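This report concerns only the one structure given below.
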Amino acid sequence: MMSGTVTDNNTPTATKPEDLAGQVLDLDEDDDLEVFSKDATFMDGSSFNSPMPTSPGSMVNQYKFEEEEEVPDTKDIFVTVDKPESHVTAIETFITYRVLTKTSRSEFDSSEYEVRRRYQDFLWLKGKLEETHPTLIVHPLPEKFVMKGMMERFSDDFVETRKRALHKFLNRIADHPVLSCSEDFKIFLTAEELGTHKKQGPGFLSRIGDTVRAVAASVRGVRTRPEEFIAIQDYVEAFSQKMTSLDKVTQRIIKEQKEYSEELGEGSPVYTKWSDIEDELMVPLKLMASCLDRCHRESEEQVLQLSNSLLPTLHEYVLCTDTLKAVLRRRDNIQAELEAKTETLAGKKTEAEAEVESKVLSLAWDSLVGKDPDEVRQQRQQKLKGEMKEIKEEIDKMDDRLEWANNALKADWNRWQERMRADLRSVFNRTAEKNVEYYEKCLAVWESFLLSQKTEDSEGDNILDS
């Protein structure tokens, strides 16, 4: 059972988001960077220092991307998705999530709301937003089902991954200048139960009619799509191919990195057992075991970063491409309906002209059947004029709708591109920094091993000289 509470707290203060990591530095090959080493500690407690470059993240973070400008934080609604709970009934098992909202908007009766929502409720919200704003880009939801072999449904990893995706979905809506003002969004955040709201709206037959018209418009297509939308469609197709490829490649990298990490973990105890029977090699064997164990742990951290940061972002934009294609189809359907209605009007005009040309034949026929020819002719003309007037009014409305849809899509397209570039730039930066950190730590481990061996060799040489 879903429950909701409303509390009246003080209006939350806006928290500025952290700056994105900065731009890549151009360094000549001759430039010298004075760097220092990181400590490496082995399992036996010994530690060594060796010359080691530190992560450039500290330098990179001092810079901002040139195209990014600071924008005053005017956010007035904050949404958090957390605290998943499992529910088991005689019919189904499902997860609900707490949705906590804090806002200072006047249209809300309180400053804080807490409700529980399940995945189907998020689907309802997405569908309502797309129905009301067909050419605005609604952020995608995570898939309802997961691919076999990735993770089990309702496992801790699955629930946590979905929770983060649902949190991002709601916050993207909250950040949108139009979608965040939607009445459906307000209902989703505040209503204790959504059942009554889900029942409202067009009936089954009406939805079937809308679907049939959409399919007909899709099959008919548009005669002349504006060039700007042709360019957007071409970009989306190319972007979709690139993101799909990168998503698959990253999944393979994670799989191979996991296998590599597991093998490192298996190698450490082998060296440890070997050291028990090799007195002369006991020290280097134990150090090898320590090095492998440390690299194993660092490799696990790298896999975690790839799995929790890079891969979700790439996959998120794979789903975004499907959303963009659907938005473009809906825009085309609106234009196709307008073109079809325009053709209908042209047909009525042709019919009116044909009526004038067939006037003599029509008069003879009407006289033959005993009707007043003038009266019949006037009735037909009035009927055609009425039909054409109605069609013209519909065309004017549809023309306004198409203009609004085009303008909305163009504005949202620019907004989406800015967000996409910022997201990818940020995750690429984090991935680069984590990779540098991983390789630095592993390098420090092995350099420390070499340093320990050099020290041991020097002590052995001194003993021999004495």
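The values are calculated or read from the model by the stated rules, or taken from the named source; none is laboratory data. Not measured: the values here are computed from a predicted model. Reconstructed Cβ throughout: ideal geometry from the backbone, glycine too, with neighbour counts over all protein chains shown. All accessible areas refer to the heavy atoms of the entire protein, side chains included, with ligands and DNA or RNA removed. Shrake-Rupley method; radii C 1.70, N 1.55, O 1.52, S 1.80 Å.
Quick notes on this one:
- Selected residue (criterion: surrounded by the fewest Cβ atoms within 10 Å (Cβ to Cβ)) from residues of region 263-297 that are in contact (Cβ under 8 Å) with a residue 24 or more places away in the chain and closer than 30 Å to H315 by Cβ: G265
- Exactly one residue out of S268, S290, S275 is farther than 29 Å from A165 by Cα, touching a Pro at 6+ places or on another chain (Cβ under 9 Å) and not aliphatic (A, V, I, L, M): that is S275.
- Residue tally, condition hydrophobic (A, V, I, L, M, F, W, C) and either over 30 Å from E107 (Cα atoms) or modelled with pLDDT under 90 (or both), over region 137-188: 8
- Sole residue being aliphatic (A, V, I, L, M), outside any strand (DSSP E or B) and open to solvent by less than 40 Å² (accessible area, probe 1.4 Å), chosen from L129, L123: L129
- Of residues in region 83-120 being farther than 20 Å from D184 by Cβ and touching a helix residue (DSSP H, G or I) at 6+ places or on another chain (Cβ under 7 Å), the one surrounded by the fewest Cβ atoms within 10 Å (Cβ to Cβ): I95
- Restricted to region 298-338, and to residues there that are under 18 Å from M243 (Cα atoms) and among the charged types (D, E, K, R), the residue that is least open to solvent (accessible area, probe 1.4 Å) is E316.
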